[in-house]
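The structure under discussion appears below in the form of structure tokens.
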Amino acid sequence: MRSDPLGYLVTELDALKQQGLYRTLRVLEGEQKPKTTFDHRQVVNLSSNNYLGLTTHPLLKERALEATRRLGVGSGSVRSIAGTMDIHMELERRLAVFKNTEAVVVFQSGFAANAGTVAAVLSKDDVVISDELNHASIIDGCRLSRAAIKVFPHKDAAAARRIASELPAAQRKLLITDGVFSMDGDLGALPALCDIAEEFGCIMMVDDAHASGVFGRNGRGTIDHFGVHGRVDVQVGTLSKAIGVLGGYVAGSRALIDMLCQRARPFLFSTSHPPAVAAAAIAAIDVLLEEPALIDRLWDNTRFFKAGLASLGFNTGVSESPITPVIVGDAAKASELSDRLFAEGVFAQAIGYPTVARDKARVRTIVTATHTREELQVALDAFARAGRGLGLIAA
Ligand SMILES: Cc1ncc(COP(=O)(O)O)c(C=O)c1O
């Protein structure tokens, strides 16, 4: 009988279980809403990236349905062959105006946008200067590019400057940071990094996945928030989080976008979005422009919830955004906290290695514009009971 060549995976899975690092998938039985049902239990949902509640916004749903009726369910091809539809072009035009850049190209996801772009603009003779907590898709893009990777400690602009200053002036360098760091909720050191990029002639790139729809005027992102327009060469945004749909995009110069259409592998080798996705994303831009009160509500809820967690005595790290981690340290304890919260009717996912460092396991919370104060208070009360029960906060 043939032995199982994948048998070692069972051993590795057992090891993950023993370390408290095995992820079970919670199953959502309905819409992605602030109060909804996961695994047959009604819970206050603190785990989505649906910052503005747009996954279920009536305008987005209506436009997606209209596009499906008119244009079908799929694009039928990659962008570079027969899969560029006029609705894709319209979305890119709308995003370019929104972001105030010459051009935009949309990818299948934010992951594809980051990985595809870094790999397309750099090659093996180049250098990336990268914040140590940058997203996995940036890291993968750097590896695919075969450029040398120099990592600076989180937000340490002085260290980034040292690295840039030690490289030959003629060397091509990409300086790259997340706009909002997804596990800690803090902001990249954009103004200082833009200064360094200008001093040493680096390409400046920002991944604004968690800032799109959240920071800046009408959700234009951290470039707008920090007022560094014109100083960031490559802006990545996502359509999958606050925008409520799916996709990623790169905003920048016409030459950058033209080159990504020639070289970026996800653009060339993976089918483009269904029309419904593009139509819903266009509708989301309309909502950002016409309903800015949604963003105000997101920030009101964020302030209320952060203050509640802090007054209970939890370690919530250094967040400056609606992402608030409750840092526990030990992975098994973070899972236990998440499980106890779930039993109390609150879904806040535990996050451990490799998503965060081994000793920084946490439960991550994200509030949305559509949570009610009552729902957030229910969540805070559950955190109080579970946190006391586990000795994370004083009884
Ligand atoms: C910082 C950051 N960049 C990029 C992405 C990828 O975005 P998407 O979900 O659209 O692929 C994520 C999503 O987890 C993220 O947190």
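Can you tell which of 308, 237, 244, 252 is among the small types (Gly, Ala, Ser) and surrounded by fewer than 24 Cβ atoms within 10 Å (Cβ to Cβ)?
Checking each option against the conditions leaves just 308.
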Condition met for residue 148 (surrounded by fewer than 19 Cβ atoms within 10 Å (Cβ to Cβ) and away from the ligand (no atom under 15 Å from the Cβ)):
yes
Tell me, yes or no, whether the range 107-118 has at least one residue that is in a loop (DSSP other than H, G, I, E, B), modelled with pLDDT of 95 or more and more than 16 Å from the ligand (Cβ to nearest atom).
no
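Just to be sure, is residue 94 away from the ligand (no atom under 16 Å from the Cβ), of a type in the set (Lys, Arg) and closer than 25 Å to residue 269 by Cα?
So residue 94 passes the test.
Pick from 226, 215: which is touching a Pro at 6+ places or on another chain (Cβ under 6 Å), within 30 Å of residue 158 (Cα to Cα) and either of a type in the set (A, V, I, L, M, F, W, C) or buried (at least 24 other Cβ atoms within 10 Å of the Cβ) (or both)?
Exactly one of 226, 215 is touching a Pro at 6+ places or on another chain (Cβ under 6 Å), within 30 Å of residue 158 (Cα to Cα) and either of a type in the set (A, V, I, L, M, F, W, C) or buried (at least 24 other Cβ atoms within 10 Å of the Cβ) (or both), namely 226.
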Positions within the range 73-87 being of a type outside the set (Asp, Glu) and either touching a residue at least 60 places away in the same chain (Cβ under 8 Å) or not in a loop (DSSP other than H, G, I, E, B) (or both), in sequence order:
73, 74, 75, 76, 77, 78, 79, 80, 83, 84, 85, 87
Residues of the range 214-233 being within 15 Å of the ligand (Cβ to nearest atom) and touching a Lys or Arg at 6+ places or on another chain (Cβ under 7 Å), in sequence order, are none
Within the range 19-34, can you find the residues that are surrounded by 10 or more Cβ atoms within 10 Å (Cβ to Cβ) and either of a type outside the set (Gly, Ala, Ser) or within 30 Å of residue 301 (Cα to Cα) (or both)?
19, 21, 22, 23, 26, 28, 29, 30, 31, 32, 33, 34
Residue pairs meeting the criteria (Cβ under 6 Å; at least 6 apart or on separate chains; first closer than 17 Å to residue 363 by Cα and within 13 Å of the ligand (Cβ to nearest atom), in the range 44-60; second of a type outside the set (Ser, Thr, Tyr) and not in a loop (DSSP other than H, G, I, E, B)):
47/347
Odd one out for residue 196 among (1) away from the ligand (no atom under 15 Å from the Cβ); (2) under 19 Å from the mean Cα position of the chain (by Cα); (3) closer than 21 Å to residue 138 by Cα; (4) not polar (S, T, N, Q):
(2)
How many residues are basic (Lys, Arg) and within 16 Å of the ligand (Cβ to nearest atom) when one looks only at the range 234-282?
2
If a residue must be free of Cβ contacts under 8 Å to residues at least 40 places away in the same chain and part of a strand (DSSP E or B), how many such residues does the range 171-199 contain?
0
Given (1) at pLDDT below 95; (2) touching a Leu at 6+ places or on another chain (Cβ under 8 Å); (3) among the polar types (S, T, N, Q), number of the condition residue 355 does not satisfy
(2)
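Considering only residues that are among the acidic types (Asp, Glu) and outside any helix (DSSP H, G or I), look in the range 327-384 and name the one that is surrounded by the fewest Cβ atoms within 10 Å (Cβ to Cβ).
The residue in question is 359.
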What number goes with the only condition from (1) in a helix (DSSP H, G or I); (2) free of Cβ contacts under 8 Å to residues at least 40 places away in the same chain that residue 277 does not pass?
(2)
Near pairs, Cβ below 7 angstrom, 6+ apart or cross-chain, from the range 104-127 (more than 16 Å from residue 178 (Cβ to Cβ)) to any residue that is aliphatic (A, V, I, L, M) and within 11 Å of the ligand (Cβ to nearest atom)
107/113
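The values are calculated or read from the model by the stated rules, or taken from the named source; none is laboratory data. Because the structure is predicted, anything quoted here is derived from the model rather than measured. All Cβ positions, glycine included, derive from the backbone under ideal geometry; neighbour counts span all protein chains shown.
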